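See below for the structure under consideration.
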Amino acid sequence: LAAMRPHDPRYTILSSPDVEGHDGTFAYTIAGWPVLDSFARYQYARSDEYDRLVKNTENYFLSENAMQEGNPQGILDRDEEADMPPFLIIQGTADLNIPMSIPRTFAHSYRIAGGNAELEEFPDMPHNFVTEASEATDRALELAAAFVARQLATTAAAV
C-alpha cells in the first residue's frame, strides 16, 4: 500500500527528522510472498479452514470492508489513482498462506494499469522460504539484486 499510495495519510504516519525534505515515494518495490489482496486471501483461508490465517486477518483488519479497502489489488480493481513503481514479486508455489492466483492476478492487473510487474515463481517453495539456505534462496537474492541494479541503471540514465 505504501508503494502505491505514498502520500496517503493513512500510510504516512511515521516521520523522522533525519529524512526531512524527503517523502515516502518508492523508486521500486521488491516483495516476498506479499499479501496483495487481503480479502481474497481471507476468503481462501475461510474456504480451506486455515483458522490461524482467518483469525490473524480478522484481528489485523477488524472488518471485511477494511480488508477490501486496504489491499493493492483493490486499488487496481477500482481503477483508483496510484503510484506504479516497478515491482518484483518473489513467490513460492507451495505457499499455503497465499494461493498463486493472488500474485498472478496482481502482476497481470498491475501491467494492465501501466505498471511494470515481474512475478518470479519458485516451484515447490513454501511461505517465507528465503529464511533457509537453499538454491532457491540464492536465486531469489540474485534476482532481487539484479532488479535493483536495473532500477538504479534506469534512474542513472534518466539523470
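The values are calculated or read from the model by the stated rules, or taken from the named source; none is laboratory data. As the structure is a prediction and not an experimental result, all values here were calculated from the model. Note: ideal-geometry Cβ built from the backbone for every residue, glycine included; neighbour counts use all protein chains shown.
The number of residues in region 94-111 that are surrounded by 15 or more Cβ atoms within 10 Å (Cβ to Cβ), more than 14 Å from residue 32 (Cα to Cα) and free of Cβ contacts under 8 Å to residues at least 40 places away in the same chain comes to 3. For region 40-69, the set of residues classified as closer than 26 Å to residue 84 by Cα and either surrounded by 19 or more Cβ atoms within 10 Å (Cβ to Cβ) or in contact with a Leu (Cβ under 6 Å, 6 or more places away or on another chain) (or both) consists of 40, 41, 42, 57, 67, listed by residue number. Filtering region 117-146 to residues that are closer than 29 Å to residue 78 by Cβ and modelled with pLDDT of 95 or more leaves 117, 118, 119, 120, 121. When 68, 73, 91 are checked against the criterion of being outside any helix (DSSP H, G or I), without any contact (Cβ under 8 Å) to a residue 60 or more places away in the chain and under 28 Å from residue 25 (Cα atoms), a single residue qualifies: 91.
Results for (1) surrounded by 12 or more Cβ atoms within 10 Å (Cβ to Cβ); (2) on the phi > 0 side of the Ramachandran plot; (3) among the aliphatic types (A, V, I, L, M), shown as yes or no for each residue.
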| residue | (1), (2), (3) |
| --- | --- |
| 113 | yes, no, yes |
| 122 | yes, no, no |
| 125 | yes, no, yes |
| 133 | no, no, yes |
| 137 | yes, no, no |
| 144 | yes, no, yes |
| 147 | yes, no, no |
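Scanning region 149-159 for residues that are free of Cβ contacts under 8 Å to residues at least 24 places away in the same chain and loosely packed, with under 12 Cβ neighbours inside 10 Å returns 149, 153, 156, 157, 158, 159.
The rows are residues; the columns are (1) among the acidic types (Asp, Glu); (2) modelled with pLDDT under 90.
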residue	(1), (2)
16	no, yes
26	no, yes
31	no, no
49	yes, yes
55	no, no
65	no, no
70	no, yes
